[in-house]
Amino acid sequence: MKRHLISAADLSRGDALLILDTAEELANLADRPIKKLPTLRGRTVVNLFFEDSTRTRISFEAAAKRLSADVINFSAKGSSVAKGESLKDTALTLEAMGADAVVIRHSASGAAHRLAGWVRGSVVNAGDGTHEHPTQALLDAFTIRRRLKGAGAALDGIRVTIVGDVLHSRVARSNVLLLSTLGAEVTLAAPPTLLPLAVDTWPCAVSYDLDAELPKSDVVMMLRVQQERMTAAYFPSVREYSRRYGLDAERMTRLPDHAIVMHPGPMNRGVEIAAEVADSVRSTIVEQVANGVTTRMAVLYLLLGGTEFPEVAP
Amino acid sequence: MGATRHPIAGRDDLAVLDAEEIRRALTRIAHEILERTHGGDEVVLLGIPTRGVPLARRLAARIGEFEGLEVPCGSLDVTMHRDDLRLRPARALGRTDLPAAGVDGKIVVLVDDVLYSGRTVRAALDALTDLGRPQAVQLAVLVDRGHRELPIRADYVGKNLPTSQREVVHVLLAEVDAQDAVMISGAPS
Amino acid sequence: MSPADASWLIEGAEVAGPGGRAVTDLLLAGGTVTAIGTGLSKAGARVLGAGGLIALPGLVDLHTHLREPGREDAETVETGTRAAALGGFTAVHAMANTEPVADTAGVVEQVWRLGRTAGYCDVQPVGAVTAGLAGTRLAELGTMADSAARVRVFSDDGRCVSDSLLMRRALEYVKAFDGVIAQHAQDPRLTEGAQLNEGEISGRLGLAGWPAVAEEAIIARDCLLAAHVGSALHVCHVSTAGSAEIIRWAKSKGWPVTAEVTPHHLLLTDELAVGYDPVFKVNPPLRTAADVAELRRALADGTIDCVATDHAPHPVEAKETEWSEAAFGMTGLETALRVVQQAMVETGLLDWAGVADRMSVRPARIGRLTGQGVPIAVGGPANLTLYDPAAPAEAVSPVGASKSRNTPFAGMSLPGGVVATFLRGVPTVLDGKLA
């Protein structure tokens, strides 16, 4: 029985397809005069955001409200947490408020895990440190499916190349797990310093040569590279990084015609991705945002809409 | 009532409608719809998944045969509007497929296989309200088995089937179950 | 007769020594073992039936954090030595990373006196190598050696003496008074922000890795330095197979290197971190099963000289939090012998004579302690641990004599139990409880 969504590894192929299929149905809501469903009326969803992230928080807020849930937003700045209240005490406060679900974003890997031990409701991991961001992977999978496959399908045979700072990326971890569960072939392209030591145990291939991977990619997913990584000697300079691993207009021409370019945002235009690429028709960056709301609606519905997440055949 | 023994999953069940009777019932309902809507011009058929959908399509086909009229046909999933969601694990959603012309100002005929407590239809009315404003809403069911819990009634009924609440009514349709039949079984053990 | 004068007859204990195992009686009087043999006469002594129990020389811990002065919310000398006594220890070395740091005669004498006053076991203070543990200049090593605390072991434990020149000078300087530098081997540049052993688990969990090479490279350098200047090096809490191999190589050259391993590194692996429970967060981190296997072999063949607990108590709020915020460290005094039984004796790698050697004799020798770690013999000090290896395996409770609850063994079933501990003939623990 799934009470929480903390890691993409929590989802079997059947679970993932159920979420995507549910999201597919909910996507039609946007075309209706009343963009709301009564399903989670009377339920309380708390957005517990210790890290600044307007985009993700608004996405979860919209998802919960479209299902008629009550939303309480808790952001760390200026709160009791900033004054030193522990995660555990914050959790106990939420319990007392009767949260049915807590959506947590935190800078410490494992924060969602720990929270799940302290609250009775469902915990949805909206990004914990450098560990995972499962709803991002779900909306990415949904986006790929809509663009390249079709309703009801899994991702068998789709070749995805994820480029950038894998070592520090929770988006990369969740995507590698989820996309391979759905049957995609995943390749990581990055300099060796930005790959975890034991990456050879992950369900994906590894390449140091982005140019070699582009012609055989159906999807290129660019990860944000932070400038701070340069001072810790992960790569010599932003210029060199861009030259070797940035997706510029020239590289974009080497992609197959149908290939799409994705980015979880926020982007460093000119570093990992050129402006022309971000704004091209191949780019799914804008629709990823809309898909984020529908996939998160599907997750909240499946976790809270019944007594529990349904038993799905693996 | 021709009672033929049809085994379902090892249980010895009663077929209360066979394929021929179902065909006749649908033909009759199609005619009734045309009568009561004065020719069926504004009619939109919306089947409630799962088996309401093929029934709606069959009705649309019949009406097309009789009148040469193409009746818009679609499906309306009611899962998100059910009042009993919290009694069971979350349910997978069915397809909601509205015909291009929409429902505003139309006579929407909801189509379902079995009318029982009426809660599914109430959910369908709520779902429909969020989609638009029909001129009127009517209900066609293949089987009305009684035991209403809400003030809901069908406009078109294939067969009235008094049942005990311990009995289970199974509607089998070729599009889903490879055969057409309506079966009753005793309370599941 | 006052308790200090009481004599004790220990009946039917199994004494495991270099000569083999023998079930015998022991008579303790006036702080020494006055007779060993069968059928000894009581003569006014209190009797302790020790059938089925193993008698070990009082255990000596080379590495404990008693937290006083400064962090009395986690532990005090009194509560820590109570925990030590319950674990069968008659002497512990109290590490210097207190507040203020034990880098002057004043602080080490204070800790020494607190130990004597509490009276549960001998407390031998460890002096810091560098002033304030800052790693920039040497602390007053000579003054601490000359103080009443008679410091011989010096360590910046918690931090690494990473500056090669400073480490060389420290090794050279302590030759003057037969001191030993105990190094916490951790290259700071390779382990900035490190949380967990660098490996498959850390990659999966998204926690910054603590690579084995950060420990091994420092050990290799320090062994070479110790050989070069001819001074004694002790390596704290060895945690990797590679470290054990380097120490084996250094010893094969006859270099003056000794090493210790913690009980938790003999039993636990980084797999335990998957639930992100910081009770498993420790420095150096838990490693892989291959490392555990090699450490056990190295302790068995003497490459690693002794078991040292690195008992590191922390208050609840330092552990009941996100992993990256949590403090590093595990308690260990009360469970040490049971873990060693599980990891080394039950697996046939070490017999009880070997346990006596690794947990009493050798640590006392490395710590240059007199009157501790002496094999049980007539005329020797009556520092004794009576242990029941056949006590029914029980789940470890986090609640014990230590003020802190951060034991990684909570809920785990471990065999055995300490029944009694004698400090110079006076029982500190009887019947498994504080006397």
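Worth a mention:
- For the range A:150-170 and the range C:212-276, distance of Cα centres in Å: 42 Å
- Chain B, Rg to Rh (Cα coordinates; Rh as Kirkwood inverse mean 1/r): 0.96
- Karplus-derived 3J(HN,Hα) values for the range C:347-352, using 6.51 cos²θ - 1.76 cosθ + 1.60 with θ = phi - 60°, are 8, x, 7, 9, 9, 5 Hz; glycine and proline are entered as x.
- Pairwise FRET efficiency - A:Ala233 versus A:Leu92, Cβ, R0 = 35 Å, nearest 0.05: 0.25
- Dividing the summed -39500 (n - 2.57) terms of all DSSP H runs of n ≥ 4 by the residue count of chain C sets its mean residue ellipticity at 222 nm at -6500 deg cm²/dmol.
- Note, ³J(HN,Hα) from phi for the range C:269-276, Karplus 6.51, -1.76, 1.60, rounded to Hz, x at Gly and Pro: 10, 5, 3, 5, 7, 4, x, 6
- Angle in degrees between helix B:19-36 and the longest Cα principal axis of chain B, rounded to the nearest 10: 30 degrees
- Förster radius 30 Å - calculated FRET efficiency between C:Glu346 and A:Ala198 (Cβ-Cβ, nearest 0.05): 0.45
- Rg/Rh ratio calculated on Cα atoms of chain A (Kirkwood radius): 0.96
- Diagonalising the gyration tensor over the Cα atoms of the range A:134-285 and scaling each eigenvalue by 5 before taking the square root yields semi-axes of 23, 18, 13 Å, largest first.
- The range A:250-297 and the range C:135-158: distance between their alpha carbon centers, rounded to Å: 60 Å
- Estimated from the Cβ-Cβ distance and a Förster radius of 60 angstrom, the FRET efficiency linking C:Ala176 and C:Ala435 is about 0.90.
- Computed over the protein assembly as shown, the convex hull of the alpha-carbon atoms projects to a mean area of 49.0 nm².
- Interchain or long-range residues, amide H under 5 Å from C:Leu66's placed H: C:Met95
- DSSP finds beta bridges in chain C, and of those with both partners inside it, around 50 percent are antiparallel.
- What you get for the range A:134-285, charging only the Cβ of Lys and Arg (+1) and of Asp and Glu (-1), is a dipole of about 280 debye around the Cα centre.
- Using a simple spin-label model with pseudo-atoms 7 Å out from Cα toward Cβ, C:Val399 and C:Lys42 lie 3.7 nm apart.
- Residues in the range C:25-49 that a label on C:Ala377 would reach, taking backbone N under 20 Å of a point 7 Å out along Cα→Cβ: C:25-38
- Charge-dipole axis of chain B as Lys and Arg at +1 and Asp and Glu at -1 on Cβ define it, positive-most pick from B:Pro99, B:Val171, B:Ala30: B:Val171
- Acute angle (nearest 10 degrees) that the helix C:164-173 long axis makes with the longest principal axis of chain C, alpha-carbon atoms: 30 degrees
- Most simply put, the protein assembly as shown has about 35% antiparallel DSSP beta bridges, counting only bridges with both residues inside it.
- Per-residue [θ]222 nm for chain B (sum of -39500 (n - 2.57) over DSSP H runs n ≥ 4, rounded to 500): -8000 deg cm²/dmol
- A simple spin-label model places the labels of C:Arg116 and A:Glu240 6.2 nm from each other, with each point 7 Å out along Cα-to-Cβ.
- Using θ = phi - 60° and Karplus 6.51 cos²θ - 1.76 cosθ + 1.60, couplings along the range C:117-128 (whole Hz; Gly, Pro as x): 5, 5, x, 7, 6, 6, 10, 9, x, 9, x, 5
- Amide N proximity, the range B:148-189 versus B:Glu20 label position 7 Å along Cα-to-Cβ, cut-off under 17 Å: B:180-182
- B:Arg153-C:Val316 pseudo-label distance in nm [points 7 Å out on the Cα-to-Cβ vector]: 6.6 nm
Read-outs: derived from the displayed coordinates by stated rules, not from any lab. Just so it is clear, the structure is predicted and the values come from calculations on it, not from any experiment. Positions of Cβ are generated from backbone atoms using ideal geometry, with glycine treated the same way; all protein chains shown enter the neighbour counts.
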